[in-house]
Amino acid sequence: MAIVAVRVLRQVRRRRQATLAAGPRRELLAFVADNGEQGSHGLVAIPEDAWKAAEPGALSLLGKLRGEAHLALVSVFLRRGTARRALYDLRSRSRVKRARAAQVLGDLELRQAVPELCRLLTDRHAEVRVVAVRALGRIGDPAAAWRIIASLDQSDPVASLLATHTLVQLGPEAEVTLSAALDHPEARVRAVCLEALGLLGATGALDRVARVLREDSVLDVRVAAATNLGRLGTRGAVEPLTEALTPARPTALRSAAARALGDLGAPSAVEALVSMIDDEHYRVAHEAAHALRRLGPRGLRALREVLELDDAEDRGRHAQPSSAAAHAREALAMASLTASLEEPVAVG
């Protein structure tokens, strides 16, 4: 009987909440459809019990809006005191309330909340830290960069992928902070900052990233430096990447450098990559061949020349093609397949 009574009460409450939220929901949708130009006073005047019932849906709508409609709805929330209550809840004893408040402030893109959200980066609960990092990314204030970077160097750190995505959301203004963090003693921090710089296309950090490629003591960090030099898309990256191809370098670094040269798209790297196609390490040769494929006509011509040279050699009647020829043939086949998929299909 107690279970039945609880279920009945819940159903009654759910129906009452749905009835209360129906009117505000229609006003919200009309407000958004009008791009926030009219109706804000009506939303502010909605009775508190009806607004409380409609607020969860309004908050989920807020996270999906951009532009004028988003700004107009944010104004409504600010006038109703949502931001003030969320700031207060950031210090709640309940981790659920802290996380929910952080998400609301992120959706509101409230820069005044950045210091308090940064404080949550050391929260004892991982889920609260995750929501705080996401909220800081949504707000996009570069002032949060150092605190996000510091959150990577904890006993229970923020996930690297999440931190990288958030640092990229902070925009080019965070580039100076990210470059400075390449001297951080923790390898994980350096790797995340390299990834963020590459995704930002921070060409101003080229010399710093190249220095990490040459001098860092951790191989994974040097591999990350090579990968992100390729993303920077500047000619200045060709020299350090070509230097990383030398046989004295670790295999993982050489293959990453070859792949990065292909991403870079610099025809001047053709000669260096051709010399790697017959490398004794499969991964290096494979990446070099496919890097040439991505370099366009000049790279494809170099691959064909490798095949022609192999065919011209006196290998005997039953001899197998060289490994260089095999890699070149594979890359050319991939180029042909890609070209055929990109051809427009005739209709009619």
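Annotations
- When region 242-267 is filtered for residues that are of a type in the set (Asp, Glu) and either more than 17 Å from residue 231 (Cα to Cα) or part of a loop (DSSP other than H, G, I, E, B) (or both), only 243 remains.
- Pairing each residue of region 80-101 that is of a type in the set (A, V, I, L, M, F, W, C) with any residue that is surrounded by fewer than 15 Cβ atoms within 10 Å (Cβ to Cβ) and part of a helix (DSSP H, G or I), provided the two are 6+ apart or on different chains, yields C-beta distances under 9 Å for 83/112; 87/112; 90/119; 96/127; 99/127; 101/85; 101/88.
- Elements of type helices (runs of 4 or more DSSP H) contained in region 268-315, each with 3 or more residues being farther than 17 Å from residue 334 by Cβ: 270-274, 297-312
- Region 50-61: number of residues that are within 15 Å of residue 81 (Cβ to Cβ) and either open to solvent by 80 Å² or more (accessible area, probe 1.4 Å) or not small (Gly, Ala, Ser) (or both): 4
- Scanning region 193-228 for residues that are under 22 Å from residue 288 (Cβ atoms) and open to solvent by 60 Å² or more (accessible area, probe 1.4 Å) yields 214, 219, 220.
- Any hit, region 64-72, residues being over 22 Å from residue 26 (Cβ atoms), touching an Asp or Glu at 6+ places or on another chain (Cβ under 9 Å) and open to solvent by 10 Å² or more (accessible area, probe 1.4 Å): no
The values are calculated or read from the model by the stated rules, or taken from the named source; none is laboratory data. From a predicted model like this one, the values you see are computed outputs, not experimental measurements. Note that we place each Cβ from the backbone using ideal geometry, even for glycine, and neighbour counts take in every protein chain shown. Accessible surface is based on the protein model in full, side chains and every heavy atom, while ligands, DNA and RNA are left aside. Shrake-Rupley method; radii C 1.70, N 1.55, O 1.52, S 1.80 Å.
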